[in-house]
Amino acid sequence: MPIAKTDVIWINGSFIPWDDAKVNIMTHALHYGSSWFEGIRVYNTKKGPAVFRLKPHLKRLINSAKMFRAVSPYGPEELEKATLETIKRNKMQECYIRPLIYRGYGDIGVNPLNNPVDVMISVFVWGAYLGKDALEKGADVCVSSWRRAAPDTFPTMAKASGNYLNSSLIKMEAIMNGYVEGIALDSFGLVSEGSGENLFLVYEGKLYTTPFASAILPGITRATVVQLAKDLGYEVVETMIPREWLYIADEVFFTGTAAEITPIRSVDKIAVGEGKPGPITLSLHNAFQDVVRNANDKYGWLTYIS
Ligand code: PPE
């Protein structure tokens, strides 16, 4: 389904009608993948529309670009203001925000240093990332034959567009084989993450998730779930995860802005636990919903639109 248009997109400080928001075909990012993005959600909470964890998302955006020597011409405060204004101008109650920093039109060739650093912010509606069924009943996933990048190849801590060619390979392979998502191993053969989500497992009452060094994107939902789990009294351990642990775990779930907390009910056709969302996954889901729906936000995670 094509993306449903909204009214305007913020580009380098101006609001441009959706249909006019274009770049030159020689834009550096289009040829070399030299761009960095974010995915942020706006929830229509009981107290009105609010952005979830806006500051850490914008910080990660600026840092993703920094790893590639691209300096955002707009600082975190300016991007925050622009984001809120873009939501307002498009009259969104609930949406997904997609900011992008990109090497623009100018020079050609792999050296990006002489190309401008451009910035855009768009908003649109995005539903359940892995489908409504997966969100409610659990996703059927596989371990991918494609691995995450080795640590000395691509910086996986950056949400760099180029990294998503790897994600696309993982995702397409999974879909072609009848799964909704694939889990990638890192270059050492240990579990990394999904094509667009971080991963947790529950084993004998404790939670486990893979560390930054396992080639993951440092997810903001991951950090959120770690906090919520601790507040619910669960122990959370960041550790390397061998593949076979997925098969014998009591519960496995994905976290991500788009995926939120999506239970996994099978891995490589082996049922996870009882083959349905487990109790700890559900309690974390409820704690998350309590913040984003009921606006029970003792953490200061919500930025209200007005
Ligand atoms: N790992 C990857 C590779 C990833 O892309 C995401 C977000 C995460 C982990 C979770 O990060 P966070 O959103 O901060 O909890 N993936 C984005 C969607 C990618 C896509 O456009 O498709 C997202 O969830 O917005």
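The values are calculated or read from the model by the stated rules, or taken from the named source; none is laboratory data. Bear in mind that the values here come from a model prediction, so they are computed numbers and not experimental data. Every residue, glycine among them, receives a Cβ derived from its backbone with ideal geometry; neighbour counts consider all protein chains shown.
State whether the residues of the stretch 214-232 include one that is away from the ligand (no atom under 15 Å from the Cβ), more than 23 Å from Ala128 (Cβ to Cβ), out of contact with any Ser or Thr (no Cβ under 8 Å at 6 or more places or on another chain) and part of a helix (DSSP H, G or I). Yes, there is a match, as at least one residue in the stretch 214-232 is away from the ligand (no atom under 15 Å from the Cβ), more than 23 Å from Ala128 (Cβ to Cβ), out of contact with any Ser or Thr (no Cβ under 8 Å at 6 or more places or on another chain) and part of a helix (DSSP H, G or I). With respect to the conditions (1) within 16 Å of the ligand (Cβ to nearest atom); (2) under 25 Å from Ala149 (Cβ atoms); (3) acidic (Asp, Glu), Asp268 lacks only one, and its number is (1).
Restricted to the stretch 236-262, and to residues there that are within 9 Å of the ligand (Cβ to nearest atom) and of a type in the set (A, V, I, L, M, F, W, C), the residue that is surrounded by the most Cβ atoms within 10 Å (Cβ to Cβ) is Phe254.
So which of Leu135, Leu190 is in contact (Cβ under 8 Å) with a residue 24 or more places away in the chain, within 15 Å of the ligand (Cβ to nearest atom) and buried (at least 17 other Cβ atoms within 10 Å of the Cβ)? Break it down stepwise before answering.
Numbers: Leu190 fails: within 15 Å of the ligand (Cβ to nearest atom).
Criteria check complete, one pass: Leu135.
Evaluate the stretch 118-126: report whether one residue or more is outside any loop (DSSP other than H, G, I, E, B) and either away from the ligand (no atom under 16 Å from the Cβ) or modelled with pLDDT under 95 (or both). Within the stretch 118-126, one or more residues are outside any loop (DSSP other than H, G, I, E, B) and either away from the ligand (no atom under 16 Å from the Cβ) or modelled with pLDDT under 95 (or both).
Inside the stretch 93-121, residues that are surrounded by fewer than 22 Cβ atoms within 10 Å (Cβ to Cβ), out of contact with any Phe, Trp or Tyr (no Cβ under 7 Å at 6 or more places or on another chain) and under 17 Å from Arg53 (Cα atoms) make up a count of 1. Every listed requirement among (1) among the hydrophobic types (A, V, I, L, M, F, W, C); (2) away from the ligand (no atom under 16 Å from the Cβ); (3) within 30 Å of Pro73 (Cα to Cα) is met by Ala158 save one, (2).
One line per residue, one yes/no per condition, for (1) of a type in the set (Gly, Ala, Ser); (2) outside the structural domain of Gly219 (by TED's automatic domain parsing); (3) surrounded by 22 or more Cβ atoms within 10 Å (Cβ to Cβ):
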position	(1), (2), (3)
Arg147	no, no, no
Ala150	yes, no, no
Thr153	no, no, no
Met157	no, no, no
Ser161	yes, no, no
Leu165	no, no, no
Ala174	yes, no, yes
Glu181	no, no, yes
Val202	no, no, yes
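Across the stretch 269-290, the number of residues qualifying as touching a residue at least 12 places away in the same chain (Cβ under 8 Å) and touching a Lys or Arg at 6+ places or on another chain (Cβ under 9 Å) comes to 5.
With within 19 Å of the chain's Cα centre (by Cα) and either at negative phi or acidic (Asp, Glu) (or both) as the only criterion, which of Gly104, Gly182, Gly131, Gly138 stands out? After ruling out the rest, the residue left standing is Gly182.
Inspect all residues belonging to the stretch 212-232 and state whether any of them is more than 17 Å from the chain's Cα centre (by Cα), within 15 Å of Ile264 (Cβ to Cβ) and among the charged types (D, E, K, R). Spell out how you get there, then give the answer.
At the first step, the residues of the stretch 212-232 found to be more than 17 Å from the chain's Cα centre (by Cα) are 213, 227-232.
Okay, now just the ones that are also within 15 Å of Ile264 (Cβ to Cβ), so none.
Within the stretch 212-232 (the criterion being more than 17 Å from the chain's Cα centre (by Cα), within 15 Å of Ile264 (Cβ to Cβ) and among the charged types (D, E, K, R)), the answer is no, since none of the residues qualifies.
Working only within the stretch 185-197, note down all residues that are more than 14 Å from the chain's Cα centre (by Cα) and either outside any loop (DSSP other than H, G, I, E, B) or more than 16 Å from Thr210 (Cβ to Cβ) (or both). Steps first, answer last, please.
From the stretch 185-197, those more than 14 Å from the chain's Cα centre (by Cα) are 185-192; that's our starting set.
Once the filter is applied, which keeps residues that are more than 14 Å from the chain's Cα centre (by Cα) and either outside any loop (DSSP other than H, G, I, E, B) or more than 16 Å from Thr210 (Cβ to Cβ) (or both), the stretch 185-197 yields Leu185, Val191, Ser192.
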